[in-house]
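Note sheet for the following structure.
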Amino acid sequence: MAEKVSSGSRGKPIRCRAAVCRKPGEPLVIEEIVVAPPMPHEVRIRIIYTSLCHSDIVFWKMKDFPGIFPIILGHEAIGVVESVGEDVNEVSEGDTVIPTFMAECGECRDCKSTKSNLCSSSELPFKVSPFMPRYGTSRFTDLNGETLYHFLCVSSFSEYTVIDIAHVTKIDSGIPLSKAAGLLGCGVSTGVGAAWRTAKVEPGSTVAIFGLGSIGLAVAEGARLCGATRIIGVDVNQDKFEVGKKFGLTDFVNAANSENKSASEVIIEMTDGGADYCFECVGMASVVQEAYACCRKGWGKTIVLGVDKPGSQVSIPSASILCTGKSLMGVLFGGLKPKSDIPILLNRYINKELQLDEFITHEVTFEDINKAFDLLIEGKCLRCVICMNDQ
Amino acid sequence: MAAMDEKLSSGNRGNPIRCRAAVSRKPGEPLVIEEIIVAPPMPHEVRVRIVYTSLCHSDITFWKMKDFPAVFPRILGHEAIGVVESVGEEVTEVAEGDTVIPTLISECGECVDCRSTKSNLCSKLPFKQISPFMPRHETSRFTDLNGEVIYHFLSVSSFSEYTVVDIAHLTKIDSSIPIFKAAGLLGCGVSTGVGAAWRTANVEPGSTVAIFGLGSIGLAVAEGARLCGATRIIGVDVNQDKFEIGKKFGVTDFINPANCENKSVTELMIEMTKGGADYCFECVGNSSLVQQAYACCRKGWGKAIVLGVDQPGSQLTLPSYDVLHKGKTLMGSFFGGLKPKSDIPVLLNRYINKELQLDEFVTHEMTFEDINKAFDLLIEGKCLRCVICMNTVG
């Protein structure tokens, strides 16, 4: 079924397998679908490796809007260009590419600024759209001709997908395609970028990370690379301390254990006033508030990475905002511009500075993709890589 | 008139001084000019003869506050300029006769924060907004003629002919600079506003800036943004007159929320700036305005900066989605992020070089006896800074 399709398929629909999510919370179904050829400014890609991220799970189980079905999930992957649509010069057939939910058109005011990574090319910089960003249509149909929806402009749980060129990062052909590299499409870039690019953690800093999933551990990795001397992890799962040490964690606070004291009180005590940088990697307003409470007055920064439920509100005492000198900011994709920054991180990986393989705790075949969901939901994995092609 | 306050020679060194003060005895009631006793300075303290002082909105907030944390009787006032009458032990930084500006914010010069360029929040003598006492010894230097304690305010208490200030709260002014009425404004309002634009936000040339609330603080932000080279300074105020006044300080555009028919202020701001301002400053002290300021700053790099003092216990609420997805920063600016002892002299020099406007903030002057008129004018929104001239003699 999944034999390598030659560029003889250029301009034609491709029939291939995809893991389709037809009902919220139910196992994905591996079925044959039809992938239309790329329109102008689009690229059709053969996915080699993809991995499961918590945001996939959030939308997988979402019963109401913006949850939408049937949908092809997945947004963290690495693949090879099968064919390109008109007006695409940046990549060609055979190139290794990493698709991203973050866009970079290169032309808008944000893309031209060093201060922002929120490309204005789509109507809203980060719209949860079920379609291709430029045309508002889908490239996927099932064998009954029914439309299948896209996810975050990527939809990597398919042997072939179509991606807008603004969402494609070309990887230097001299770099062998690896499982680890795909992680730079979302999780690791988000975490490392948050420490490196957004917070700009300086050597000697003290950093606190709330939530030690892959994102939080990637923040630790980024802080470690930036020379932070103290990296305090906060999680309810004690095992995360040992796991975290690999990524630079020096201290651990178990949020479930802190008897009379909150995690933030413990952190204020152990840092003698608060951490220089606090990262929220869970997606809960109460945790954001705790993180804000334990960053140091004077210069402390609280950076929000976690995705909360629609409608959530963060509440902070007004006096605290005025009189403490603290900052609060949120960031997508670690503040990174994918096309410029993913190659930089990849190089650091190749130079053995940045760890990527250590985030991969499991591998499954495409057929076993639902096992990845089980593992992540049960908190038993960091990154589970799905190997698309048995060749 | 001058009987009580003839220039007291340093013959009073070490002795209590009897002088006049404007005492706030009951919430919301006119201050009473009465004789009080000012004790000599303790170690690390300085007794200062106030020459000019001015009224700030924060004085009004605590003047009318009925319950805790307000206390009475109290000597308000925290924006002033004066002359050192005598110093306590261990004080070497200033000497009798020096011109000084007292400040609500401290700078000990030794703690981690004072030594860092990234913070102006001294840890050794941390800001305690509600403290009724001297910061180091936690006692009062004021008593009335019945011997009853009168409370301090913000470590300054400038509505008195003489006050006692901790050396960490005192900035020495170069002796070659003559004392002038507007100089005292650097003790709070103008420094806060100018600093917020200059130091906290770091406004770059070409920026677009929005300012919510055009009182003296907001106008000082405009002045600071102007000096930083902002090309667009949008003022937001319910008082239409503030546009004309604001132009003096660099305001280029104006939105009156009272006049916005079909669109909200936020919609209008985003339209006129094609996406939002680079920096939004909230200078009122109202959490719904802080929310507006946050909504009005541009995605990607916009910063919302809070300067206004809200009611104790207020909370700011923001949508989690916006916090994560818009790339904006929320921060507060206390005393404009400035370190008083280093930065007040810098601003003073910019005034002397005719770059920074200060006199333009002074819209009224009155004698000490008429101090309550200043309260009326500020409450009615009819002034920017009212300078109270303490001493008719030299």
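So if I place +1 on the C-beta of Lys and Arg and -1 on the C-beta of Asp and Glu, and nothing else carries charge, what would the dipole magnitude of region A:187-245 be about its Cα centre? I want it in debye, nearest 20.
With Lys and Arg at +1 and Asp and Glu at -1, about 180 debye.
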Each residue of region A:84-96 in turn: what ³J(HN,Hα) in whole Hz from Karplus with 6.51, -1.76, 1.60 and θ = phi - 60°, glycine and Pro shown as x? 10, x, 4, 6, 9, 10, 5, 9, 9, 3, x, 5, 7
Put +1 on the Cβ of each Lys and Arg and -1 on the Cβ of each Asp and Glu in region A:284-391; which of A:332, A:317, A:288 then has its Cα farthest toward the positive end of the dipole? A:317
Where does chain A land at 222 nm, in deg cm²/dmol rounded to the nearest 500, when only DSSP H runs of n ≥ 4 count, each adding -39500 (n - 2.57), divided by all residues? -5500 deg cm²/dmol
Among all the aspartates and glutamates, which ones have a C-alpha under 17 Å from residue A:339's C-alpha, if same-chain residues fewer than 8 places away are not counted? A:42, A:76, A:90, A:95, A:104, A:107, A:110, A:164, A:172
Mean residue ellipticity (222 nm) of chain B, computed from DSSP H runs ≥ 4 via -39,500 (n - 2.57), nearest 500: -5500 deg cm²/dmol
In degrees, nearest 10, range 0 to 90: what is the angle between the Cα axis of helix A:214-225 and the longest Cα principal axis of chain A? 60
Over chain B, what percent of the accessible surface lies on carbon and sulfur atoms, probe 1.4 Å? 51
Shielding by other protein chains, A:306-317, mean Cβ within 10 Å: 5
Based on Cβ point charges of +1 for Lys and Arg and -1 for Asp and Glu, what charge dipole magnitude is obtained for region B:221-338 about its Cα centre, in debye rounded to the nearest 20? 400
Quantify, in whole percent, the carbon and sulfur part of the accessible surface of chain A (1.4 Å probe; protein heavy atoms only). 51
Say the dipole of chain B comes from +1 at the beta carbon of Lys and Arg and -1 at that of Asp and Glu; which of B:51, B:302, B:183 then lies farthest toward its positive end? B:302
Where the centroid of each part is defined by its Cα atoms, how far is region A:238-269 from region B:261-315 in Å? 36
Counting only heavy atoms of the protein chains, get the accessible area per residue of region B:179-233 (1.4 Å probe) and round it to a whole Å² value. 22
Taking amide H positions as placed in the peptide plane 1.01 Å from N, state which residues far from residue B:280 in sequence (5 or more) or on other chains have amide H under 5 Å from it. B:210, B:303, B:304, B:305
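Give the average, rounded to an integer, of partner chain Cβ atoms located within 10 angstrom of each Cβ in A:325-336.
Per residue, the number of nearby Cβ atoms from other chains is 5 on average.
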Straight-line reach from residue B:341: which lysines have Cα under 16 Å away, leaving out those fewer than 8 places along the same chain? B:118, B:124, B:172
From the phi angles alone, apply the Karplus equation (6.51, -1.76, 1.60; θ = phi - 60°) to region B:26-32 and give each ³J(HN,Hα) in whole Hz, x where the residue is Gly or Pro. 9, x, x, 9, x, 5, 10
Given the peptides A:355-361, A:65-71, B:184-190, arrange them by the average over their residues of other C-beta atoms within 10 Å, most packed first. B:184-190, A:355-361, A:65-71
So, in Å, what gap is there between the alpha-carbon centers of region A:31-45 and region A:317-353? 33
For region B:138-151, what does the Karplus curve 6.51 cos²θ - 1.76 cosθ + 1.60, with θ = phi - 60°, yield as ³J(HN,Hα) per residue in whole Hz, taken in order and with x for Gly and Pro? 6, 9, 9, 9, 10, 9, 8, 5, 8, x, 7, 5, 10, 7
Can you give the accessible area per residue of region A:350-391, in Å², using a 1.4 Å probe? 52
Regarding the protein assembly as shown, what are the three Cα extents along the principal axes, ordered largest first, in Å? 105, 54, 43
Given 0.36 nm per residue, what is the gain on full extension from residue A:380 to residue A:29 after removing their alpha carbon distance, in nm? 124.1 nm
Please give me, ordered by residue number, the trypsin sites (Lys or Arg not before Pro) of region B:303-394 that lie in loop per DSSP and have at most 14 other Cβ atoms within 10 Å. B:354, B:382
Loop-only trypsin sites (Lys or Arg not before Pro) in region B:252-298, please: DSSP not H, G, I, E or B, and at most 10 other Cβ atoms within 10 Å. B:274
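Within the set of other residues whose C-beta is less than 13 Å from the C-beta of residue A:88, count the net charge using Lys and Arg as +1 and Asp and Glu as -1.
Spelling it out: positives minus negatives among the neighbours equals -4.
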Which pairs break 22 Å Cα to Cα here: A:326/B:326; B:303/B:354; A:200/A:337; A:246/B:328; B:181/B:373? B:303/B:354; A:246/B:328
If you count only protein heavy atoms and use a 1.4 Å probe, how large is the accessible surface of residue A:62, to the nearest 10 Å²? 30
Compute for chain A: radius of gyration divided by Kirkwood radius, i.e. Rg/Rh, restricted to C-alpha atoms, rounded to two decimals. 0.98
Using a Cα-Cα cut-off of under 13 Å, which aspartates and glutamates could be cross-linked to residue A:301, ignoring same-chain neighbours fewer than 8 residues away? A:202, A:276, A:280, A:290
If one takes the accessible area of chain B alone plus chain A alone and subtracts that of the pair, with a 1.4 Å probe, what total in Å², rounded to the nearest 100, results? 3300
For residue A:152, residues with placed amide H under 5 Å, excluding near neighbours: A:129
Test item: B:288-301 mean partner chain Cβ contacts at 10 Å: 3
I'd like the antiparallel share, as a percent to the nearest 5, of DSSP beta bridges with both residues in the protein assembly as shown. 60
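Applying a 10 Å radius around every beta-carbon, put A:261-271, A:203-213 in order of their mean neighbour count, most first.
A:203-213, A:261-271
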Among A:373, A:205, A:185 the positive-end extreme of the charge dipole of the protein assembly as shown (Cβ point charges): A:185
Residues residue B:89 and residue A:65, FRET efficiency given R0 of 56 Å [Cβ-Cβ distance, rounded to 0.05]: 0.20
Sequence-distant or interchain residues sharing an amide H contact under 5 Å with residue B:86, placed H: which? B:47
Within 10 Å of each candidate Cβ there may be at most 16 other Cβ atoms; applying that plus a DSSP loop requirement, which chymotrypsin sites (Phe, Trp or Tyr not before Pro) in region B:67-155 survive? B:133
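The values are calculated or read from the model by the stated rules, or taken from the named source; none is laboratory data. Being a predicted model, the structure only gives us computed values, none of them experimental. Using ideal geometry, Cβ is built from the backbone for each residue, glycine included, and neighbour counts are taken over all protein chains shown. All accessible areas refer to the heavy atoms of the entire protein, side chains included, with ligands and DNA or RNA removed. Shrake-Rupley method; radii C 1.70, N 1.55, O 1.52, S 1.80 Å.
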